[in-house]
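Here the structure comes first, spelled out in structure tokens, and everything after it is commentary.
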Amino acid sequence: MKQLIQATIAILVVSALLFYAADALSAGGGKSGKDTLTIFNWGEYIDPDLLKQFEKETGIHVIYETFDSNEAMMTKIQQGGTAYDIAVPSEYMIEKMKEENLLIPLDKTKIPNLKNIDPYFLDLPFDEDNKYSVPYFWGTVGIVYNPKLVGNLDFSSWDDLWDPSLNRKVFLVDGAREVIGMGLNSLGYSLNSLNGHELREATDKLITLAPNVKAIIGDEITPLMINNEAAVALTWSGQAADMMSENEDLDFAVPEEGSNLWFDNMVIPKTSKNIDGAHAFINFMLKAESGAQNADYVGYSTPNIEAMKLMDKEVVSDERYYPTEEQRDTLEVYKNLGPDYLGKYNELFLEFKMSIR
């Protein structure tokens, strides 16, 4: 009987420990709460010193995690295993997250520095009245190239990428929307096309680009272009700025047929356990000083007009990275295509990738 009682007590103790552990895991591993802020952002997309400044000013400890695609970010938030307080999705993904009820509406009374944002970047169709999101960075998709390696090509047209002289000299970013969009734009079509004929025509044209493609890659495209491992790359404007700061021979162009105008915004996911801290962080990042410091570090274009006043005038007047409103009229924002058409874009992108030998 004594052994039975001891065994029963042991089982109860183990059960209690397991329950406690499960409860801790369901609360995000005990890492979320009013004294902690868990941020989910793209890699190399914030000045680490700003995180330290925020911690010093508020006493809130920051846990910082990164993702490499909007889809990966959304999946992890949907799973709910980590209590993310801040995430930085792109415009089309914000639309999707709203539809999936994954976002908390913002309390703008807690974000007085929203006044620093250029009105051009507010109240956009993907988040009217900025109910759920606040601008973080923006930019374009274009072509970075080394004029010394491409002859007379200036990439004022997407068709320059198909020039026979570029055999095995072109890098492409590993993104279906960017690459299929490039193919569509090169034919004069919308990069949000849902027309099957247009999508087929764009893919067929991309397949003829295969001989010029050296590789389709991710973030490693930056050091490779800096080291002149290729002559040309399809990339984002901020990534191009990083390359050009390290290799003065490089230049950047947005073809005249049009391209993507993208926005990354800060949101508060439904997983948040520190909503007040999340608002405090957003407001901190919207300070003029924070915006300028972050833009100088990351290299992307800031929507913060007060921050721009503190930045190098040569940088903010460079129309390659801060295109005028007239130039922006030729650019398109990605729309949420829905799961069926997003799957179609991914299928066509895979078909193109498989054509590269």
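Could you grab me the full set of residues in region 109-146 that are at pLDDT 95 or above and surrounded by fewer than 14 Cβ atoms within 10 Å (Cβ to Cβ)?
Once the filter is applied, which keeps residues that are at pLDDT 95 or above and surrounded by fewer than 14 Cβ atoms within 10 Å (Cβ to Cβ), region 109-146 yields THR109, PRO112, LYS115, PRO119, ASP123, GLU128, ASP129, LYS131.
Please indicate, with yes or no, whether at least one residue in region 148-159 is among the polar types (S, T, N, Q) and open to solvent by 60 Å² or more (accessible area, probe 1.4 Å). Give the steps one after another, and end with the answer.
Step one: filter region 148-159 for residues among the polar types (S, T, N, Q), giving 152, 156-157.
After this cut, where a residue has to be open to solvent by 60 Å² or more (accessible area, probe 1.4 Å) as well, the list is 152.
Yes: region 148-159 contains one or more residues that are among the polar types (S, T, N, Q) and open to solvent by 60 Å² or more (accessible area, probe 1.4 Å).
For the structure I just gave you, tell me whether ALA292 is buried (at least 22 other Cβ atoms within 10 Å of the Cβ), at pLDDT 95 or above, among the hydrophobic types (A, V, I, L, M, F, W, C) and under 20 Å from TRP42 (Cβ atoms). Break it down into steps so the answer makes sense when it comes.
Values: buried (at least 22 other Cβ atoms within 10 Å of the Cβ): no; at pLDDT 95 or above: yes; among the hydrophobic types (A, V, I, L, M, F, W, C): yes; under 20 Å from TRP42 (Cβ atoms): yes.
No, not satisfied.
List the helices (runs of 4 or more DSSP H) inside region 264-333, counting only whole elements, that have at least 1 residues being of a type in the set (A, V, I, L, M).
Details: elements: 275-285, 288-298, 305-308, 313-316, 325-328.
Of the helices (runs of 4 or more DSSP H) lying wholly inside region 264-333, those with at least 1 residues that are of a type in the set (A, V, I, L, M) span 275-285, 288-298, 305-308, 313-316.
Of all residues being open to solvent by less than 60 Å² (accessible area, probe 1.4 Å) and touching a Lys or Arg at 6+ places or on another chain (Cβ under 8 Å) in region 209-239, which is modelled with the lowest pLDDT? Just the residue, please.
At the first step, the residues of region 209-239 found to be open to solvent by less than 60 Å² (accessible area, probe 1.4 Å) are 209-210, 212-213, 215-218, 221-222, 224-226, 230-235, 237-239.
Now restrict to residues that are touching a Lys or Arg at 6+ places or on another chain (Cβ under 8 Å): 210, 212-213, 216, 230-232, 237.
Numbers: ALA210: 97, ASN212: 98, VAL213: 98, ILE216: 96, ALA230: 96, ALA231: 97, VAL232: 98, SER237: 92.
Restricting to residues being open to solvent by less than 60 Å² (accessible area, probe 1.4 Å) and touching a Lys or Arg at 6+ places or on another chain (Cβ under 8 Å), the top hit is SER237.
Given (1) in contact with a Pro (Cβ under 6 Å, 6 or more places away or on another chain); (2) under 23 Å from VAL298 (Cα atoms), where does LEU172 come up short, assuming only one miss?
All conditions are met except number (1).
One residue is enough: does region 263-272 have a residue meeting the conditions modelled with pLDDT of 95 or more, out of contact with any Cys (no Cβ under 9 Å at 6 or more places or on another chain) and more than 30 Å from GLU99 (Cα to Cα)?
The answer is no, given that none of the residues of region 263-272 is modelled with pLDDT of 95 or more, out of contact with any Cys (no Cβ under 9 Å at 6 or more places or on another chain) and more than 30 Å from GLU99 (Cα to Cα).
Looking at GLU128, GLU229, GLU198, GLU178, can you tell me which residue is under 25 Å from ASP264 (Cβ atoms) and free of Cβ contacts under 8 Å to residues at least 60 places away in the same chain? Before you say what the answer is, go through the steps one by one.
Numbers: GLU229 fails: under 25 Å from ASP264 (Cβ atoms); GLU198 fails: under 25 Å from ASP264 (Cβ atoms); GLU178 fails: free of Cβ contacts under 8 Å to residues at least 60 places away in the same chain.
None of the others qualify; the one that does is GLU128.
From LEU191, LEU166, LEU206, grab the single residue that is surrounded by 22 or more Cβ atoms within 10 Å (Cβ to Cβ), more than 20 Å from SER355 (Cα to Cα) and of a type in the set (A, V, I, L, M).
Working: LEU166 fails: more than 20 Å from SER355 (Cα to Cα); LEU206 fails: more than 20 Å from SER355 (Cα to Cα).
So the residue among LEU191, LEU166, LEU206 that is surrounded by 22 or more Cβ atoms within 10 Å (Cβ to Cβ), more than 20 Å from SER355 (Cα to Cα) and of a type in the set (A, V, I, L, M) is LEU191.
For PRO147, indicate whether it is more than 21 Å from the chain's Cα centre (by Cα) and within 24 Å of TYR322 (Cα to Cα). Don't jump to the end; show me each part of the working.
On the way: more than 21 Å from the chain's Cα centre (by Cα): yes; within 24 Å of TYR322 (Cα to Cα): yes.
Against the criterion (more than 21 Å from the chain's Cα centre (by Cα) and within 24 Å of TYR322 (Cα to Cα)), PRO147 qualifies.
Sort out which residues of region 49-60 are among the aliphatic types (A, V, I, L, M) and either open to solvent by 30 Å² or more (accessible area, probe 1.4 Å) or closer than 24 Å to SER90 by Cα (or both), and write them in order of number. Full working, then the answer.
Step one: of region 49-60, the residues among the aliphatic types (A, V, I, L, M) are 50-51, 60.
Of everything in region 49-60, those that are among the aliphatic types (A, V, I, L, M) and either open to solvent by 30 Å² or more (accessible area, probe 1.4 Å) or closer than 24 Å to SER90 by Cα (or both) turn out to be LEU50, LEU51.
Taking region 61-86 on its own, how many of its residues are buried (at least 18 other Cβ atoms within 10 Å of the Cβ), β-branched (Val, Ile, Thr) and touching a Phe, Trp or Tyr at 6+ places or on another chain (Cβ under 7 Å)?
3
Pick out, from region 131-247, the strands (runs of 3 or more DSSP E) lying fully within it that include 3 or more residues that are under 24 Å from VAL333 (Cβ atoms).
Details: elements: 133-145, 170-173, 213-217, 232-236.
Filter on region 131-247 gives 133-145, 232-236.
The values are calculated or read from the model by the stated rules, or taken from the named source; none is laboratory data. Everything numeric in this text was worked out from a predicted model, so none of it was measured. All Cβ positions, even for glycine, are placed from backbone atoms using ideal geometry, and neighbour counts span all protein chains on display. Accessible surface is based on the protein model in full, side chains and every heavy atom, while ligands, DNA and RNA are left aside. Shrake-Rupley method; radii C 1.70, N 1.55, O 1.52, S 1.80 Å.
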